[in-house]
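Here is the structure we will look at, set down as structure tokens.
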Amino acid sequence: MLYTTMQQTPSADTPHLKWAGDLFEVTLRLDRPRPGRAVFRTNLGMARVRRRELIASTESGEPVLARDWHDIPMREEAPGVFRVRVPLTEVGIFEGKACFFAEGSSVPEWPAGDNLRIKVGPAHTACANTMYTAFVRQFGAARHRNPSTPELREHEAALDRQGYTVIPPSGTFRDLIRQLDTIMGRQRFRILQLLPVHPVPTTYARMGRYGSAFAALDFFSVDPALAEFDTYATPLDQFRELIDAVHSRGGSLFMDLPANHTGWAATLHTHHPDWFRRRPDGEFISPGAWGVTWADLVELDYSDPRLRAYVAKVFLFWCSQGVDGFRCDAGYMIPVETGPISWPVCAKSSPTPSSCWKGWRQGRGDRRVAHRSQSGLGLLRTVPDRRSRRIRLGTCRARSRWRNAAAR
């Protein structure tokens, strides 16, 4: 590999943030005018190839051969000055670098420095990214006042001493829907981000009065405590009602998916205990940070490719329900190898993904709460034709409301 004193603009010293629809310009200036040709070697525009490779690598063990890299010719606009303008059509994090081939030579000459890194976000995220974080539990009676009175606390303490499980009433998805006109109308938030909505422990290994929202028992389900009893609508139906209510107001819904761990006795903990981290003596490991052990959680072991494939299906399931984005709690604890299978699987059904991995480690420092999608492999958007899905669900809900009214 040959390095020369030629100069590439922009330099590789800083990452570059762009959005789909932008043009990305790269210029290469030789140390002196010489006959030859220049190219921009990149994986821009080839996200679909990278997705196929990463999915095949996890599902069938095929090697990742980086077939997404290709050369884009650069035009010589002045003696020794080559330039290319690349339209950015795919979402993701890409790389690239210009190089020069002297006339009659097949050996590339490179400017000094690392590859350019270009993050391309969905066009609709270029502005107005106001986010409201909602804890569904708090949208019931607790929204107006603290429901825990001294008298109630005495009763709870008495029952606790006798070994009873006391769980106060919770807010519901429909309670939150009733506040959307304020959140998205008057306050004008564009993104509604939910804290975890999965079922959590109620007795076994429950910690705290409600149990930790991050101690998920089933990544494919919502907590029934967050739904109203309805003979026409399941808890998941009511979660979809919330999604549709957000979409009908022109917003997006993100959910927190704590993929680094589960609660004790979770579905995975029971049926796939080999997918969890253990100490040499066989004890399950609880994650933690800042000197604190999160004793209500059990840490997943992502060295197992079966777990990586399973989690990819989890993300795909929630994309299919209409979720637009994810925040992944403790994402910095998950190996970098994990994301590449989750992102491409979701991106296959979602052209403009968005994701947020808390403290995700990229191997080049610890970038806290960073949007992450690699070579167009980012998570999320949802099903391609969201409008037709909304009409169908809306019709079902309207029919349910009519039946309920008639029954009353």
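Looking at region 95-103, can you tell me whether even one residue there is crowded, with 17+ Cβ neighbours inside 10 Å and either in contact with a Gly (Cβ under 9 Å, 6 or more places away or on another chain) or aromatic (Phe, Trp, Tyr) (or both)? Yes, because at least one residue in region 95-103 is crowded, with 17+ Cβ neighbours inside 10 Å and either in contact with a Gly (Cβ under 9 Å, 6 or more places away or on another chain) or aromatic (Phe, Trp, Tyr) (or both).
Residues in region 36-55 that are modelled with pLDDT of 90 or more and either part of a loop (DSSP other than H, G, I, E, B) or more than 23 Å from Val84 (Cα to Cα) (or both): Asn43, Leu44, Gly45, Met46. Taking region 93-126 as the range and being out of contact with any Cys (no Cβ under 6 Å at 6 or more places or on another chain), among the hydrophobic types (A, V, I, L, M, F, W, C) and not in a loop (DSSP other than H, G, I, E, B) as the test, the residues that pass are Ile93, Phe94, Ala98, Cys99, Phe100, Phe101, Ala102, Leu116, Ile118, Val120, Ala123. What pairs come out if I take residues in region 20-33 that are closer than 19 Å to Phe100 by Cα and of a type in the set (Val, Ile, Thr) and pair them with residues that are loosely packed, with under 12 Cβ neighbours inside 10 Å and at pLDDT 95 or above whose C-beta lies under 6 Å away, six or more apart or interchain? Sorted first by the residue in region 20-33, then by its partner, the list stays empty. Pairing residues of region 99-114 that are within 13 Å of Leu30 (Cβ to Cβ) with residues that are crowded, with 16+ Cβ neighbours inside 10 Å and of a type in the set (Phe, Trp, Tyr), at Cβ distances under 6 Å and at least 6 apart in sequence or on separate chains, gives Cys99/Trp110; Glu109/Phe100. Every test in (1) part of a loop (DSSP other than H, G, I, E, B); (2) without any contact (Cβ under 8 Å) to a residue 40 or more places away in the chain is passed by His269 save one, and that test is (1).
Is region 51-63 home to any residue that is within 20 Å of Ala112 (Cα to Cα), touching a residue at least 24 places away in the same chain (Cβ under 8 Å) and either buried (at least 18 other Cβ atoms within 10 Å of the Cβ) or more than 25 Å from the chain's Cα centre (by Cα) (or both)? Quick ask: steps written out before the conclusion?
Within region 51-63, the first condition is being within 20 Å of Ala112 (Cα to Cα), and the residues that meet it are none.
Taking every residue of region 51-63 in turn, none turns out to be within 20 Å of Ala112 (Cα to Cα), touching a residue at least 24 places away in the same chain (Cβ under 8 Å) and either buried (at least 18 other Cβ atoms within 10 Å of the Cβ) or more than 25 Å from the chain's Cα centre (by Cα) (or both).
The values are calculated or read from the model by the stated rules, or taken from the named source; none is laboratory data. All figures in this text were calculated on a predicted structure; none of them were measured in a lab. As a convention, Cβ positions derive from the backbone with ideal geometry for all residues, glycine included, and neighbour counts pool all protein chains shown.
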